[in-house]
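Here's the structure, in structure tokens; my notes come after.
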Amino acid sequence: MAQLLISGGAGFIGSHTCLVLLEAGHHLMVIDNYHNSSPEALRRVANLAGPDAANRLNIVEGDIRNSDDLDRAFSNNKQDIEAVVHFAGLKAVGESVQQPLLYWDVNVVGSCCLLQAMQRHRCRTIVFSSSATLYGYPTQVPIPESAAVQPINPYGHSKAAVEQMLMDLSASEPGWRIARLRYFNPVGAHCSGKIGEDPRGIPNNLFPFVTQVAIGRRQELQVFGNDWPTPDGSGVRDYIHVMDLAEGHQAALDVLLQEDPQLLTLNLGSGTGHSVLDVVKAFEAVSGRSVPYTVQNRRPGDAACTVADPSQAAARLNWSTHRSLLEMCQDAWTWQQNNPKGYSTLD
Ligand code: NAD
Ligand code: UD1
């Protein structure tokens, strides 16, 4: 079993991936500054992972832009760090338009600092959280990895820059094992309802907004457009259950650690599209609550339809998604019901 460093491990995708990796027997060192997460998430991960898991989960509260914090995370382990799973970063598209330098700093400078620390500590294996946002307005659906990288906002530019940084690094030094995983739309929660997505403030994304409407925290959903060229006129996306996504990281790590050094670039999605109205219906079915909505104008920067071609991930990782839209809704609903205020216990 490997000693792994997980940046951003307290966040939504990171916490679910930590659980899967602990259950597989790995030793984890998490570095997180809790900018968008809570230490409570990792306490629950350790509980869910079983009796000895807490001994295999260590945490440094720190910033990936700070080399002292990184050196502490790389050094405070019995074994050397064999691989890094790099989730830490900022992800709000609107905020990235308002504060582009913040996004270049955290996402790009932060990744550069992390890679420099990896060089100092002679670790050359990394799985990076990239995004389907790289494809901008896709010209071909389902989208293969060979599609043009043409992001349309600073968040997307920051992900493209880190992908390029990783490619330059792998070309410059033999021995790097790199996976650039392009996630489609991660949603849902662990089926226990103990860990899940805990957005701060008003959610930008569809799933957390719908769950908050169903629980009565928000009055109604705004559907951004019903005149898209899609079967029911609302936007279509490739939703992926966060536990399927977490298992995709485990599969990528296994391949990187077992095979010769390589650079993998893979879409992680289901290959199936669902519309906004499909999500509303599925959510109403599992929750027994109604999700009132009004139709608004299209949201600037939205595409009609983004769906992954996931065949490369299936071929290279022997991985594919198996949880349905109903399970995504059911698990998101269980999490929301058990934790109406997320990890916060404050009113
Ligand atoms: P998240 O905000 O829940 O998790 C990110 C974690 O990184 C948080 O725990 C946060 O506190 C931490 N962090 C932020 N800045 C940091 C810093 N400077 N130093 C240390 N820790 C820091 O987000 P998530 O949804 O779990 O996303 C994880 C990664 O996946 C991100 O890089 C994101 O861009 C990428 N991604 C997310 C989605 C999505 O829809 N959730 C889609 C595609 C890609
Ligand atoms: C958004 C980001 C994308 C980012 C992803 C994950 C934009 C333009 N895109 O993707 O870059 O990688 O989140 O963080 O912000 N919808 C509604 N009402 C809502 C919210 C969403 O109708 O209140 C619709 C959207 O128009 C879209 C679908 O639901 O058709 C999914 O939206 P969302 O969850 O925000 O994901 P993306 O737009 O795919």
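The values are calculated or read from the model by the stated rules, or taken from the named source; none is laboratory data. All values reported here derive from a predicted model rather than from experimental measurement. Quick reminder, even Gly has a Cβ in these numbers, built from the backbone with ideal geometry, and neighbours come from all protein chains shown. Surface areas here come from the heavy atoms of the whole protein model, side chains and all, with no ligands, DNA or RNA. Shrake-Rupley method; radii C 1.70, N 1.55, O 1.52, S 1.80 Å.
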> Looking at (1) more than 10 Å from ligand 1 (Cβ to nearest atom); (2) within 22 Å of ALA160 (Cβ to Cβ); (3) in a helix (DSSP H, G or I), can you tell me which one VAL84 breaks?
Replying inline: (3)
>> I need a count of the residues in the stretch 69-98 that are surrounded by 20 or more Cβ atoms within 10 Å (Cβ to Cβ) and free of Cβ contacts under 8 Å to residues at least 60 places away in the same chain.
In response: 1
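Considering only the stretch 252-287, state which residues are of a type in the set (D, E, K, R), part of a helix (DSSP H, G or I) and more than 20 Å from the chain's Cα centre (by Cα). It would help to see each step written out before you state the result.
The first filter runs over the stretch 252-287 and keeps only residues of a type in the set (D, E, K, R), leaving 254, 259-260, 278, 281, 284.
Subsequent filtering for residues that are part of a helix (DSSP H, G or I) retains 254, 278, 281, 284.
Selection gives ASP278, LYS281, GLU284.
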> If you go through the stretch 128-158, how many residues are out of contact with any His (no Cβ under 6 Å at 6 or more places or on another chain) and either part of a helix (DSSP H, G or I) or within 21 Å of ASN107 (Cβ to Cβ) (or both)?
Replying inline: 19
> If you go through the stretch 209-217 one residue at a time, do you hit one that is at pLDDT below 95, among the basic types (Lys, Arg) and away from ligand 1 (no atom under 16 Å from the Cβ)?
Replying inline: yes
>> Every residue in the stretch 274-297 that is free of Cβ contacts under 8 Å to residues at least 60 places away in the same chain and near ligand 2 (Cβ under 10 Å from one of its atoms), please.
In response: HIS274, SER275, LEU277
> Which residues, counting only those in the stretch 218-250, are more than 12 Å from VAL276 (Cα to Cα) and either within 16 Å of ligand 1 (Cβ to nearest atom) or within 15 Å of the chain's Cα centre (by Cα) (or both)?
Replying inline: ILE240, HIS241, VAL242, MET243, ASP244, LEU245, ALA246, GLU247, GLY248, HIS249, GLN250
>> Quick check on ILE31: is it near ligand 1 (Cβ under 9 Å from one of its atoms), crowded, with 19+ Cβ neighbours inside 10 Å and more than 25 Å from HIS241 (Cα to Cα)?
In response: no
>> Considering only residues that are of a type in the set (Lys, Arg), under 30 Å from LEU264 (Cβ atoms) and out of contact with any helix residue (DSSP H, G or I) (no Cβ under 6 Å at 6 or more places or on another chain), which ones fall in the stretch 298-347?
In response: ARG316
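Yes/no matrix, rows are residues, columns are (1) open to solvent by less than 80 Å² (accessible area, probe 1.4 Å); (2) acidic (Asp, Glu); (3) in a helix (DSSP H, G or I):
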site	(1), (2), (3)
ARG289	no, no, no
GLN312	no, no, yes
ARG316	yes, no, yes
SER320	yes, no, no
THR334	yes, no, yes
> Does VAL223 satisfy the condition of being aliphatic (A, V, I, L, M), out of contact with any helix residue (DSSP H, G or I) (no Cβ under 7 Å at 6 or more places or on another chain), in contact (Cβ under 8 Å) with a residue 12 or more places away in the chain and open to solvent by less than 50 Å² (accessible area, probe 1.4 Å)?
Replying inline: no
